[in-house]
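Notes to accompany the following structure.
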Amino acid sequence: MLIPGKETEEKRRHSTAYIPYSYYDCRLPTYFASVPLHWHSEFELDYVVAGAGEFTCGGEKLLAGPGDLMLLPPSMLHAAYPRGEAGLNYYALVFSPAFLGAGLGDRCSVELLRPLAEGTRQLRCCTASGSTGYPALGQTAERIFACARGQLPLPELLLKSELLRLLWLLASDQESARPHTVREGGEAAVRAALEYMQRHYQEPVHIAQLAQTVHLSESYFMASFKRAAGVSAMEYLAQLRANAACEALTGTARPVAEIASAVGFGNLSNFNRQFKKIVGCTPMEYRRKVAWEKLEQEKDRN
């Protein structure tokens, strides 16, 4: 696996020495339009709860539905996109290799945990809910996320043991233990292009400009990007802008036209068209929908 540079690492901090994991209830496109391509230094376990989605994992596209599991190693480029009117709801647990003892000197750490963390050993990324051996994996995943939601010291003992059990189940399965193929052609250039777009998505960005930035021909760059990201560079750019717009629509009272300009869309009609294509509704409908859902959640808590 190609180890990326720090400049393209996701900026959000998922773990600390004291609490070495983070739990997320991901609802697409309700909370955000998609999860654009990114990487981080932790493992990630995803469990689809409802709906359907397309996960890009190390250059592979994986269609996932309820019950499907994805285990992503550190440093792997990955993304998630909702598919269908029902959207995509999945739980994500992002945890540090240190949580499982990858830095220790015992045989388990040296021969399994550390190679998994460093990318020299790989397990199958996706386990479908109907596959052989899934019942045990599914039950383990249920216990993992039940513990993660509590974020209390005592459940963390069980969380750690269940994560180790999950790895044991996967490593014990010959089909799962077969390394998946990661297609890395042009990946270094793709990572550089991702970083460039993340910094400049508010500005006009063109294919010729991106290809020149990463020193590739336009055709080779476009093919490499689509292979690694699962979408074209322009589609990825639109997703970045749509996600930024979602955050502004729900976190501020700024007018839609002002938000469109701030996130890089040239005109309001194009913004409305692209936003509806990606999110499934207009910007104003999205703002009202999220406000209503937050109100309902507040009522449930009270």
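Which numbered condition trips up residue 295, out of (1) open to solvent by less than 60 Å² (accessible area, probe 1.4 Å); (2) closer than 16 Å to residue 30 by Cα?
It is condition (1) that residue 295 fails.
For segment 66-82, what are the residues that are within 13 Å of residue 35 (Cβ to Cβ) and more than 11 Å from the chain's Cα centre (by Cα)?
Selection gives 82 alone.
Out of segment 57-69, which residues are surrounded by fewer than 22 Cβ atoms within 10 Å (Cβ to Cβ) and either of a type in the set (A, V, I, L, M) or at negative phi (or both)?
Narrowing segment 57-69 to residues surrounded by fewer than 22 Cβ atoms within 10 Å (Cβ to Cβ): 59-63, 65-67.
Of everything in segment 57-69, those that are surrounded by fewer than 22 Cβ atoms within 10 Å (Cβ to Cβ) and either of a type in the set (A, V, I, L, M) or at negative phi (or both) turn out to be 60, 61, 62, 63, 65, 66.
Could you look through segment 264-292, keep only residues that are assigned to a helix (DSSP H, G or I) and among the aromatic types (Phe, Trp, Tyr), and pick out the one that is surrounded by the most Cβ atoms within 10 Å (Cβ to Cβ)?
Applying the filter and picking the extreme gives 275.
So in segment 211-250, with the set limited to residues that are over 23 Å from the mean Cα position of the chain (by Cα) and in a helix (DSSP H, G or I), which one is surrounded by the most Cβ atoms within 10 Å (Cβ to Cβ)?
Of everything passing the filter in segment 211-250, 211 is surrounded by the most Cβ atoms within 10 Å (Cβ to Cβ).
Return the residue satisfying two criteria in turn: it lies in segment 94-107 and is free of Cβ contacts under 8 Å to residues at least 24 places away in the same chain and among the hydrophobic types (A, V, I, L, M, F, W, C), and of such residues it is farthest from residue 148 (Cα to Cα).
This residue is 104.
It is to be established whether one or more residues within segment 28-46 are open to solvent by 50 Å² or more (accessible area, probe 1.4 Å) and not in a loop (DSSP other than H, G, I, E, B).
no
What are the pairs with Cβ atoms under 7 angstrom where one residue, in segment 79-93, is under 15 Å from residue 277 (Cα atoms) and the other, located anywhere, is in a strand (DSSP E or B) and open to solvent by 10 Å² or more (accessible area, probe 1.4 Å)? Sequence gap at least six, or different chains.
81/54; 82/51; 83/54; 84/51; 86/50; 86/51; 87/27; 87/51
So that you can scan it fast, the table gives a plain yes or no per residue for (1) touching a strand residue (DSSP E or B) at 6+ places or on another chain (Cβ under 9 Å); (2) small (Gly, Ala, Ser); (3) touching a residue at least 40 places away in the same chain (Cβ under 8 Å):
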residue	(1), (2), (3)
109	no, yes, no
117	yes, yes, yes
121	no, no, yes
125	yes, no, yes
145	yes, no, yes
148	yes, yes, yes
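Considering only residues of segment 215-268 that are touching a strand residue (DSSP E or B) at 6+ places or on another chain (Cβ under 9 Å) and not aliphatic (A, V, I, L, M), which is modelled with the lowest pLDDT? First the steps, then the outcome.
So in segment 215-268, the residues touching a strand residue (DSSP E or B) at 6+ places or on another chain (Cβ under 9 Å) come out as 228-231, 236, 239-240, 243.
Retained after the next criterion (residues that are not aliphatic (A, V, I, L, M)): 230, 236, 239, 243.
Values: 230: 77, 236: 92, 239: 91, 243: 93.
So, considering only residues that are touching a strand residue (DSSP E or B) at 6+ places or on another chain (Cβ under 9 Å) and not aliphatic (A, V, I, L, M), the one modelled with the lowest pLDDT is 230.
Among the residues of segment 111-127, what is the count of those that are surrounded by 19 or more Cβ atoms within 10 Å (Cβ to Cβ), out of contact with any Gly (no Cβ under 8 Å at 6 or more places or on another chain) and aliphatic (A, V, I, L, M)?
The number of residues fulfilling the criteria is 3.
The values are calculated or read from the model by the stated rules, or taken from the named source; none is laboratory data. Note that the structure is a prediction, hence the values are computed from the model and not measured. Here Cβ is always computed from backbone atoms with ideal geometry, including for glycine, and neighbour counts include all displayed protein chains. With ligands, DNA and RNA removed, areas are computed over all heavy atoms of the protein, side chains included. Shrake-Rupley method; radii C 1.70, N 1.55, O 1.52, S 1.80 Å.
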